1. What does a probe at GLN138 reach in region 63-103, counting residues whose amide N is under 16 Å from the point 7 Å along Cα→Cβ?
2. With only alpha-carbon pairs counted, each pair once and no self-pairs, how large is the Kirkwood hydrodynamic radius of region 85-143 in angstroms?
3. How much length is gained on full extension from ALA108 to PHE38, taking 0.36 nm per residue of separation minus their Cα-Cα distance?
4. What are the extents of the Cα atoms of region 58-167 along their three principal axes, in Å, largest first?
Amino acid sequence: MRSRIIAVMAAAVAATAALAQPAHAAPLVDGVYRFAAFKDGKCLIWPKSYKNIGMVSLGACTDNASTSANWQVRQRPNGTMEVSTPGSNPRTCLRLETDYRVSVNNCADKYAEWTVSYGSAGPGSVVWADIEHTPGDQSNSWGKLVDNPDVTGRIVVRRAPIEPHYWALQQVS
């Protein structure tokens with residue numbers, strides 16, 4: 001009897017843990033997306049002024065004269081992904097700074113290399129994205145893109161586990 005109760009309790013704990021975890025992540029396919037913070041629904045935005053160079057922040061999920069929430073995601077030949085500002089010329093990319101803040105700047109270096117994956121808890125659930133800095137040289141600068149209100153620009157790369165890891169993913173048509 002006691003072993004049956006323990007088995008039932010263990011099954012209930014396992015089921016609860018499975019529900020709390022997001023579905024297995026899959027690589028994001030090339031396309032244009034918006035990434036919204038779960039906390040307040042604001043989107044990851046980049047500055048359109050000053051040749052599309054500057055700090056990444058959270059803002060309205062729109063496209064206007066000074067900022068945009070649209071991001072072009074595509075595979076790089078080395079297996080990492082590029083998260084760039086669509087239509088910029090010269091192209092600018094989501095980039096990690098040496099102080100772990102995030103900006104848009106030149107695409108052609110290891111600090112512009114990312115892994116972007118997505119998942120969902122099932123039908124009707126939000127589709128989330130996970131953006132992780134994964135430089136091809138395996139340097140010490142890997143980590144998750146997070147919203148940090150204590151840092152200028154609010155967006156930093158921190159090592160997991162830290163919340164929020166996940167962004168609500170919106171595909172731009």
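Bear in mind these aren't lab numbers, they're just calculated from the coordinates by the rules spelled out. It should be emphasised that the depicted structure is a prediction, and the values quoted were computed from it without experimental measurement. FYI the Cβ positions are ideal-geometry reconstructions off the backbone, even for glycines, and counts take in every protein chain you see.
1. It comes to 78-80, nothing else.
2. Numbers: mean 1/r = 0.0775 Å⁻¹.
Here the Kirkwood hydrodynamic radius works out to 12.9 Å.
3. Numbers: separation 70, 0.36 × 70 = 25.20 nm, distance 3.03 nm.
Taking ALA108 through PHE38 to full extension adds about 22.2 nm, to one decimal.
4. 38, 36, 32
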